[in-house]
Each structure stands twice: as structure tokens, then as C-alpha cells.
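These notes are about the structure you will find just below.
The values are calculated or read from the model by the stated rules, or taken from the named source; none is laboratory data. Quick caveat, the model's predicted, so the values are computed rather than measured. Cβ placement follows ideal geometry from the backbone for every residue including glycine, while neighbour counts extend to all protein chains displayed.
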Amino acid sequence: MQKFQYPSFVEERKIKVEEDFQNRYRYLLEIPLKRPYGNEFLVIVKHPEKADQYLSDQTVDKILRFCYDKQATKVYIAYLYAFQTRNSKIFSDFMKKGDYEKAIGPKNDHYIKKAASKADSVIVAWGSNMFGYTEEYKERIKAVSELIKDLPTYYVDDVSSCNWYPQHPQVWRNNSLKELKPWTNLYLNDAEIYAKPDDDQDKVLSLPLSDTYELTEKYHVHTYPHPRSYDSDMDITFRRKGGVMDGLYSVAKEVLLDLSLPVEEQLDGLNEHEKERVLQYLQERELPNYNRESSLYMCWLLEKTEELPHSPSLKVNYNGFVYIYLEDLQDESLPYVKVSSQV
């Protein structure tokens, strides 16, 4: 049996494990990487196997190598089902006996929410249903989706046509060539959600803000962990809770901030009013004390270019960023806005 040592870029002595060893539950692996700044990913897979604070396993090894390639500084690994086993068929026995909670683990949702409160984004990677009881498996996916709904959420490589089953890390191939793609657990047909491709139409970048929406509206400032693959030359709209959008913005200026250093000293290119907007935004969002002291944040200073009084929304409120067509966004007759399929 192959033993997986942790890669050299892992801070092995700082690995944390949340588990109930006596009852065979492992709820969470928290694995810091040897990088001074970057993103913190929460990766959710089907169930824990062998990895602990001393040895890795094939699944965890692939996750860590992929996330390190994507500039991660820390990786949290959580599970749909926290019962630790290398044989997923044991879950068939749980389901047959109606022991759903035993398969999930009594503290599992608590630790998923705990990790989600610290992570910058989520990668879903639980794979297909290998033990039958499809309805029970889908119900568990729905429940976990609710726990992470306020975070940008992605999958790697292939996903089933209905988006239930994002590919498991064990079948990820060349990690360095894989990209993160926005994911949502859709219970609808693609035609209900995606607009037909039209390269002649202008697109808008749409970002979910949730709890920071009011601050962005107040100060016309938005910050996010750097790097992310956003195009700041595009028109931008922000989604509040419920997926509703109230206006269009453009990025007037952008400043890369290192939150381990005094912020005011990094704002030399801004006028006094712009500096005040950024500092007030950061103070109210409490970013300097956001447990990201070594992280880089991109700061956008925004100009509101258009009000959207009809408050358009998406058919499905994606957890991550999407592109939509400007013409659809401005059309007050549409009941909802479809997502551009050219994401």
C-alpha cells in the first residue's frame, strides 16, 4: 500500500485535525502551506480516507498540489459524510438501516460552517454516487450547498450535466492545466439558466457580495483576495442576497493592498476623498483584523454608471462570479436574467 508523505510545501507541524477518533469521524483537515499570502480554499469531498496530521493520502495529495498551483496559502478539507473509511460501500449499509446521521456525523455541519467562515472560496469535489440511494445523496448535497451558499464556489474539470456530481480529486489529471469553473447546484435545465452565446453582445461581470453589499453601495469600494481572474475593464454588477442587482459600476482605480503593512501608506495614488472612502470601508468591514494579515487584497474604487430600478435577478443565485449580457440586464420586460454560457 502506497504511503503518501505530505508535499514539501506543506507546513506539517501546523496541520490541525478535527475528529472523533473513538467513533471514526474526521470532520476537518486544516493544512497551511508554505506561502506568505494567497487564497484559503475549502475543498469538500465525499468522505475521509487515511490522511491525518502525519500522513497524506491520494485524494488529499491531489487537492494540495492543485490548490498550491492556484496560489493557496491554506486548505481546509471537509466532507459530505464524516465517517472515516476507505470503502464507500459502507455507506450503503448506513442508508439501508436508515442511519443517515451516523454516516454524516453529529458535528459535521458545524465544522463545514466553521471552515466556510474562514475560507475565501469553496471547491466542491465529492464526485458521483458510488453507493446507491441517490435521493439521500442528493438531499445531503442540498444540505451542504446551503452551508456554503454565501461563498464563491467552483469545481475542477468535468461535472455531470445536472451539476450534482463535481469531479472527485482522485480522477483529476494534470492539475497544472485545470481551471476552476463557477459551480452552482442547479435543479433546472440549462436552457432555463443560460443565454444563447452571442459574441456581438457586451457582457457584464456579476459578483456576489451578500454581507458586504451595503458597504460597497455606501463607499463605492470593493475588495477581494488577490489574485482572482476578474476583468476590471468590464462593466460590473453586484448581487445582494437573493441574487438581485441594483446598478452597474466601472472600476475607476485599483490598488493592491498588503494588509500586513499600514494601509494608509499604500494609498499614495489616491486623492484625499478616495483615501477616506477606502479607509472607512476597511474599518467597517474590519479587514485589517480579518485573520488575513499576510494576504494581498485588490481594492477597487468604483463609479456607478447606471441604476437598475427594476432590480433584475438571476434565475439561480450562483455562489460565484458569472457573466451576463448587458442587453438582458437592462431589459425591464425579462422576469430574470440568464447567464452567458461563455463563462
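Key figures
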quantity	calculated
Selected residue (criterion: farthest from LYS113 (Cα to Cα)) from residues of segment 10-48 that are buried (at least 19 other Cβ atoms within 10 Å of the Cβ) and modelled with pLDDT under 90	GLY38
Subset of segment 78-87 (residues that are buried (at least 16 other Cβ atoms within 10 Å of the Cβ) and touching a His at 6+ places or on another chain (Cβ under 8 Å))	TYR79, LEU80, TYR81, ALA82, PHE83, GLN84
Test: residue in segment 81-93 that is without any contact (Cβ under 8 Å) to a residue 60 or more places away in the chain, in a strand (DSSP E or B) and out of contact with any Asp or Glu (no Cβ under 8 Å at 6 or more places or on another chain)	yes
Residue check for ASP69: free of Cβ contacts under 8 Å to residues at least 12 places away in the same chain, among the acidic types (Asp, Glu) and assigned by TED's automatic domain parsing to the domain that holds LEU29	no
One residue from ALA72, ALA78 being of a type in the set (Gly, Ala, Ser) and touching a helix residue (DSSP H, G or I) at 6+ places or on another chain (Cβ under 6 Å)	ALA78
Flag if GLU101 is part of a helix (DSSP H, G or I) and modelled with pLDDT under 95	yes
Within segment 241-253, considering residues that are buried (at least 17 other Cβ atoms within 10 Å of the Cβ) and closer than 11 Å to LEU314 by Cα, the one farthest from the chain's Cα centre (by Cα)	MET245
Matching residues, segment 181-232, being modelled with pLDDT of 80 or more and hydroxyl-bearing (Ser, Thr, Tyr)	SER206, THR212, TYR213, THR216, TYR219, THR223, TYR224, TYR230, SER232
Strands (runs of 3 or more DSSP E) fully within segment 1-71 counting 1 or more residues that are of a type in the set (S, T, N, Q)	39-45
Members of segment 130-150 that are part of a loop (DSSP other than H, G, I, E, B) and either aromatic (Phe, Trp, Tyr) or surrounded by fewer than 19 Cβ atoms within 10 Å (Cβ to Cβ) (or both)	MET130, PHE131, GLY132, TYR133, LYS149, ASP150
Of all residues in segment 109-119 being touching a helix residue (DSSP H, G or I) at 6+ places or on another chain (Cβ under 9 Å) and crowded, with 18+ Cβ neighbours inside 10 Å, the one that is farthest from PHE41 (Cα to Cα)	ILE112
Unmet requirement for TYR100, which otherwise passes all of (1) crowded, with 22+ Cβ neighbours inside 10 Å; (2) of a type in the set (Phe, Trp, Tyr); (3) out of contact with any strand residue (DSSP E or B) (no Cβ under 8 Å at 6 or more places or on another chain)	(1)
Single unsatisfied condition, VAL263 versus (1) within 25 Å of the chain's Cα centre (by Cα); (2) crowded, with 19+ Cβ neighbours inside 10 Å	(1)
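For (1) of a type in the set (Lys, Arg); (2) over 23 Å from the mean Cα position of the chain (by Cα), each residue gets a yes or a no:
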{"residue": "LEU55", "(1), (2)": "no, yes"}
{"residue": "ASP69", "(1), (2)": "no, no"}
{"residue": "PHE83", "(1), (2)": "no, yes"}
{"residue": "ARG86", "(1), (2)": "yes, yes"}
{"residue": "GLY98", "(1), (2)": "no, yes"}
{"residue": "ALA103", "(1), (2)": "no, yes"}
